[in-house]
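The values are calculated or read from the model by the stated rules, or taken from the named source; none is laboratory data. Keep in mind that what you see is a predicted model, and the values were worked out from it rather than measured. No Cβ is skipped: glycine too gets one built from the backbone with ideal geometry, and neighbour counts run over all protein chains shown.
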Amino acid sequence: MARYAYIIAPLLGWVVAQSLKFTLSLRKDGLQWQDFIISGGMPSSHASFTMAITTLIGLQEGFATPIFGLALALTGVVVYDAMGVRRTVGEHTAAIKELQAADNMDSKVVLNNAKGHTPAEVFFGLLIGIICGLVVYWIF
């Protein structure tokens with residue numbers, strides 16, 4: 001089982017973050033499957049996923065190794081994308097939908113509500129990832 005630790009850690013980080021997100025966003029109008037897999041919201045499962053494996057790599061391989069540096073860089077890119085690019089795209093999508101509604105325009109393109117993350121959502125996602133990486137390290 002220990003040889004699967006590098007698969008278990010990020011999956012655990014994702015499951016924990018998505019479960020918390022699902023619990024925190026319970027709807028008054030009922031539950032839908034999309035509520036469990038939706039992007040955006042508290043906490044960031046992207047940050048949790050990547051930070052869990054980064055933490056495990058640091059603990060098992062060492063924090064001064066090239067593979068840890070690579071994992072940390074990948075986590076940085078994912079976090080930057082979640083807070084910057086995806087969040088901006090989500091805001092632009094909302095603005096376009098408002099303009100379309102105001103002008104009674106019909107769009108031939110389906111605009112999905114891509115959601116990014118606030119710094120707090122990313123912070124808690126990173127924290128969950130660190131905890132999940134530590135748990136997997138201690139177990140295996």
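Does any residue of region 77-89 turn out to be of a type outside the set (A, V, I, L, M), surrounded by 17 or more Cβ atoms within 10 Å (Cβ to Cβ) and modelled with pLDDT under 80?
If we filter region 77-89 for residues that are of a type outside the set (A, V, I, L, M), which is where we start, we get 80-81, 84, 86-88.
If we keep only those that are surrounded by 17 or more Cβ atoms within 10 Å (Cβ to Cβ) too, we end up with 86-87.
Subset that is modelled with pLDDT under 80: 86-87.
Yes, some residue in region 77-89 is of a type outside the set (A, V, I, L, M), surrounded by 17 or more Cβ atoms within 10 Å (Cβ to Cβ) and modelled with pLDDT under 80.
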query: Between residues in region 78-99 that are farther than 20 Å from Phe49 by Cβ and residues that are modelled with pLDDT of 75 or more and part of a helix (DSSP H, G or I), which pairs lie under 8 Å by C-beta distance while being six or more apart or on different chains?
result: none
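Out of everything in region 92-124 that is assigned to a loop (DSSP other than H, G, I, E, B) and under 14 Å from Asp81 (Cα atoms), what residue ends up being modelled with the lowest pLDDT?
At the first step, the residues of region 92-124 found to be assigned to a loop (DSSP other than H, G, I, E, B) are 103-118.
With under 14 Å from Asp81 (Cα atoms) added as a condition, the list becomes 114-118.
Values: Ala114: 62, Lys115: 72, Gly116: 75, His117: 80, Thr118: 85.
That would be Ala114.
Of all the residues that make up region 125-140, how many are at pLDDT 90 or above and over 23 Å from the mean Cα position of the chain (by Cα)? I'd like the intermediate steps shown before the answer.
Quick first cut of region 125-140, residues at pLDDT 90 or above only: 125-139.
Narrowing the set further to residues that are over 23 Å from the mean Cα position of the chain (by Cα) leaves 138-139.
Number satisfying all stated conditions: 2.
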message: Given the condition modelled with pLDDT of 90 or more, of a type in the set (Phe, Trp, Tyr) and within 15 Å of the chain's Cα centre (by Cα), answer yes or no: does some residue in region 23-44 qualify?
response: no
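For region 58-102, which positions are closer than 20 Å to Gly125 by Cα, of a type in the set (Lys, Arg) and more than 15 Å from the chain's Cα centre (by Cα)? Write out each step before concluding.
As a first pass, look at region 58-102 and keep what is closer than 20 Å to Gly125 by Cα: 58-59, 68-88, 90.
Now restrict to residues that are of a type in the set (Lys, Arg): 86-87.
If the condition is that a residue be closer than 20 Å to Gly125 by Cα, of a type in the set (Lys, Arg) and more than 15 Å from the chain's Cα centre (by Cα), then no residue fits.
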